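Nothing in this text is a laboratory measurement; each read-out follows from the coordinates by a stated rule. Computed from a predicted structure; not experimentally measured. Quick reminder, even Gly has a Cβ in these numbers, built from the backbone with ideal geometry, and neighbours come from all protein chains shown.
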Amino acid sequence: MKSRSKLRIDWVFLCGTALIILMYLMFHLITGKSPFAPSGYNTYTRQAMAWRQGLLHLPQDVPHLELAVFQGDYYVSFPPLPSVPLFLLTFIFGMDTPDALMVKLYVYAAFAIVYFLYKKIGMKPIAALIWSLLTVYASSMLPLTLDGAVWYQAQTLAFMLIMGSVSLMVRRKTCLSLLLFALAIGCRPNDAPYLLVLLAMHFYNCKKDGQSFAASLRALLPGIACGILVAVCYGAYNYVRFGSPLEFGHGYLPEFTRDNEAFFDMSRIAGNSSRFLIGLPFSHGGASMEIFGFSLFIANPITTVTLLYMLLMLIKKRLDWRSVAVIIAICAEAVMLLSTHNGGGFQYGARYFVDLIPYSAVVFALCPLRTQAEIGDAKAYSFGALDAFVLLTSLAFAVYGSLMVAL
């Protein structure tokens, strides 16, 4: 009789989880805010409650929220997906949904996805922990997890879904990967360039497995069908509300209708570049944090590490057509983000630009600096002092910046 295999406990992952919990306890003790508190900017909860009443618009105006005004009614001006999990929670909590907890859970799930992805590609557990913490928490993502405001709910849920989509594609789960991608677009439509990367990963996997191009296309069909179904649902929801399948509400925000401005405007790129590409983190040379954004390369150091990593790959002639897809997608999404009105408004660092972070996971997963032949086994990465230094300094700065924004 075969003995049952023992359940293997990943103690490194559990230690990482404990560190994250301790970090949040510190945050909430300092700020005096509950980690389960509903947000004052509870747009998605209000939308979920309106759904329960059979309404597609809110019953009344809420002046401090960004609501679209269309034919005399007030509508949520954000893509709808984050209201779905909150819809279920309203049956338990009513209007007092635990918004601050939800954003933490979304980002913790993204951390878990990245950790196990990094382990799968060859990182030892300690290295995987270090780099997953750096990827997820040592960035402008951290302050988004302290308050469950409407903007943060959408961005953190999209972050989790995109990370899941990338991980599933690495594991050759094409249909589920494309489904998660389609759902993510219902949180952050500007994440659309990730589709190019996912397709490049799919065709590379199929080619590596010896499949023909026709077989590769057939393997895409279930995922495409799922994506189209999700897109039809989004389009129908938008059409019923605004008469256009592509309009989710931003076009009817008073700030855009009053000033006749577009959400994306290429004329803003120069001004936003001076802030979000080369802007300094402190105001007037003092210790006061620049609260309306600064360089994404300082705020999200994993992006800086990724660019240096890709430069090394270029020098070593390791870039392939998948890497080209990543570069095109990053540039396309960065241009969209730089053309927005304010790049995230009141924030630590470069809030909108955390949408670029999952590209780092793609690069690390697909483009190892050393080949299997060079290292002799699958353990391509190990933990080093430089890893620890980069993480600790980046995380300490993110903690400091988060407290400056929260207090």
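Listing for the model above:
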quantity: Relative contact order (%) - the stretch 63-174, alpha-carbon pairs under 8 angstrom, separation at least six; calculated: 31 percent
quantity: Alpha-carbon centroid distance for the pair the stretch 113-164 / the stretch 15-66, whole angstrom; calculated: 19 Å
quantity: Three-way shape call for the chain based on the alpha-carbon gyration tensor, with the a/c threshold at 1.5; calculated: rounded
quantity: Ranked by how many other beta carbons lie within 10 Å on average, peptides 218-227, 337-346 from highest; calculated: 337-346, 218-227
quantity: Amide H contacts of residue 294 (H built 1.01 Å from N, under 5 Å, at least 5 apart or other chain); calculated: 349, 350
quantity: Per-peptide average of other Cβ atoms within 10 Å, ordering 44-55, 313-324 highest first; calculated: 44-55, 313-324
quantity: Of 119/208; 124/317; 104/316; 33/120; 104/124, pairs whose Cα-Cα distance is over 31 Å; calculated: 104/316; 33/120
quantity: ³J(HN,Hα) computed for each position of the stretch 353-365 - Karplus, 6.51 cos²θ - 1.76 cosθ + 1.60, integer Hz, glycine/proline x; calculated: 7, 5, 5, 7, 4, x, 4, 5, 4, 4, 4, 5, 6
quantity: The chain, relative contact order in percent, only Cα pairs under 8 angstrom and at least six apart counted; calculated: 20 percent
quantity: ³J(HN,Hα) computed for each position of the stretch 110-120 - Karplus, 6.51 cos²θ - 1.76 cosθ + 1.60, integer Hz, glycine/proline x; calculated: 4, 4, 4, 4, 5, 4, 6, 5, 5, 5, 5
quantity: Mean Cβ neighbour count within 10 Å, used as a protection proxy, ranking 30-41, 355-366, 165-176 highest first; calculated: 355-366, 165-176, 30-41
